[in-house]
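Only one structure is covered here, and it is reproduced in the block below.
The values are calculated or read from the model by the stated rules, or taken from the named source; none is laboratory data. In this text, all values refer to a predicted model and were calculated from it rather than measured experimentally. Here the Cβ positions follow ideal geometry from the backbone for every residue, glycine too, while neighbour counts run over all protein chains shown. Areas reflect the complete protein model, heavy atoms only, side chains present, ligands, DNA and RNA absent. Shrake-Rupley method; radii C 1.70, N 1.55, O 1.52, S 1.80 Å.
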Amino acid sequence: VLLANSTLVGDWATWPEFRRLEALGLTMFGQMTAGSWIYIGTQGILQGTYETFAAVAAKLAARRGGHERSGGSLAGTLTVTGGCGGMGGAQPLAVTMNGGVVLIVEVDASRLQRRVEHRYLDEWTDDLDEAIQKVLAAKADRRALSVGLLGNCATVLPELLRRGVAVAVVADQPSTHDPLSYLPAGVSVEEWHEYASAKPEEFTDRARASMAKHVEAMVGFMDAGAEVFDYGNSIRGEAKLAGYQRAFEFPGF
């Protein structure tokens, strides 16, 4: 079998042309290993996500005066991240397996509930104050815990930064390869797909504006001393297109 994903000559590699071809069934979005026959999903990415956060733990240990090669633990640290569907759903379990506490933000309640049922996530809430209280208590006790928060990263992360919540690690894995896959702040899940289908350009502009706020908050946490990275999506590029000039100051995994 010879398989190629999304190969378009540069001049035609635009979102309008991609969507036209996708509607005709002539192309699909291919990213990393997630091609048309080999989507790896949550289970397939769990080990790699675990190793990623283990590497972060080692880096934090080195900061405290240890040696990066000796490894470390995320115990006593708080990670904040986004995206609990698909491959992103591996993040909460990967953090707790490394001994840490994680607050993961997700716009769709059904995704959070599914992660709880499948034991990738300990619990979830739609109350920001409750979520903060629980993760900080677990952090103080050096107890591993994952809490999902129903909300939008574009509003939640700036609020956490404003409150000065002590966050050691900030990651990110919502679907941002296509702006229509990122829910803009102020748009409900219920109206998401109809809006994106009816007005894709307007939706794209709003999604990119929200991504810019999301990324700006991530940079704010980086400035405050957190380890910050995006986990293989294109959010930095989208934020740059929205006009946020510091988008590429933190790395992507």
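How large is ³J(HN,Hα) for each residue in region 84-101, as worked out from phi by the Karplus curve 6.51 cos²θ - 1.76 cosθ + 1.60 (θ = phi - 60°), to whole Hz, x for Gly and Pro?
Karplus-based 3J(HN,Hα) across region 84-101 equals 10, x, x, 5, x, x, 6, 4, x, 5, 4, 6, 5, 5, 8, x, x, 10 Hz.
When we measure straight from the Cα of Lys240, which lysines land under 18 angstrom away, once same-chain ones fewer than 8 places off are left out?
Excluding near neighbours in sequence, the set is Lys213.
How long is the gain from Asp108 to Ala75 if the chain were fully straight, where each residue apart is worth 0.36 nm and the alpha carbon distance is subtracted?
Extra length available between Asp108 and Ala75 comes to 9.1 nm.
Kindly provide the Kirkwood hydrodynamic radius of the chain in Å, to one decimal, from all pairs of distinct alpha carbon atoms.
This gives a value of 18.8 Å.
Taking only protein heavy atoms and a 1.4 Å probe, what accessible area per residue, in Å², does region 112-161 have with all protein chains in place?
Averaged over the residues of region 112-161, the accessible area is 51 Å².
Along region 55-63, what does the Karplus equation 6.51 cos²θ - 1.76 cosθ + 1.60 (θ = phi - 60°) give for ³J(HN,Hα), rounded to whole Hz, x for Gly and Pro?
Each residue of region 55-63 in turn: 5, 5, 4, 5, 5, 5, 5, 5, 4 Hz.
Would you list, by chain and number, the aspartates and glutamates whose Cα falls below 16 Å from the Cα of Lys199, excluding same-chain residues fewer than 8 positions away?
Result set, ordered by chain and number: Glu17, Asp178, Glu190, Glu191.
Report the charge-dipole magnitude of the chain in Debye, nearest 20, computed about the Cα centre from +1 at each Lys and Arg Cβ and -1 at each Asp and Glu Cβ.
840
Per the 1.4 Å probe, what fraction of the accessible area of the chain, in percent, lies on carbon and sulfur atoms?
So the carbon and sulfur contribution to the accessible surface is 52 percent.
What distance in nm separates the two pseudo spin-label positions at Ala62 and Arg142, each 7 Å out from Cα along the beta-carbon direction?
Each label point is offset 7 Å from its Cα along the Cβ direction, giving 2.3 nm.
Return the inverse of the average 1/r over all pairs of distinct C-alpha atoms in region 84-175, which is the Kirkwood hydrodynamic radius, in Å to one decimal.
Hydrodynamic radius (Kirkwood, Cα pairs) of region 84-175 is 13.0 Å.
Considering amide H positions built from the backbone, and no H for Pro or chain starts, which residues 5 or more places from Thr176, or on another chain, come under 5 Å of its amide H?
Ser234
Taking H placed 1.01 Å from N in the peptide plane, check which residues at least 5 places from Leu121 or on another chain put their amide H under 5 Å from its amide H.
Long-range HN contacts for Leu121: Val116.
Might you report the magnitude of the Cβ-based charge dipole of region 140-248 about its Cα centre, with Lys and Arg at +1 and Asp and Glu at -1, to the nearest 20 debye?
Here the size comes out at about 400 debye.
List the trypsin sites (Lys or Arg not before Pro) within region 65-137 that fall in a DSSP loop (any state other than H, G, I, E or B) and whose Cβ has at most 16 other Cβ atoms within 10 Å.
Listed in order of number, the matching sites are Arg119.
Would you mind getting the accessible area per residue of region 164-253, heavy atoms of the protein chains only, 1.4 Å probe, in Å²?
Solvent-accessible surface per residue comes out at 43 Å².
Which residues' amide hydrogens lie under 5 Å from the amide hydrogen of Ala185, considering only partners 5 or more residues apart or on another chain, with H built in the peptide plane?
Ser210
Determine the sum of side-chain charges near Val167: Lys and Arg each +1, Asp and Glu each -1, restricted to other residues whose C-beta is under 13 angstrom from that of Val167.
Charge balance near Val167 sits at -1.
Through the Karplus equation 6.51 cos²θ - 1.76 cosθ + 1.60, θ set to phi - 60°, convert the phi angles of region 247-253 into ³J(HN,Hα) values in whole Hz; use x for Gly and Pro.
Whole-Hz 3J(HN,Hα) from phi for region 247-253: 4, 9, 7, 10, x, x, 8.
Classify region 107-253 as rounded, prolate or oblate, taking a ≥ b ≥ c as the square roots of the eigenvalues of its Cα gyration tensor: rounded when a/c is under 1.5, otherwise prolate if a/b is larger than b/c and oblate if not.
Oblate.
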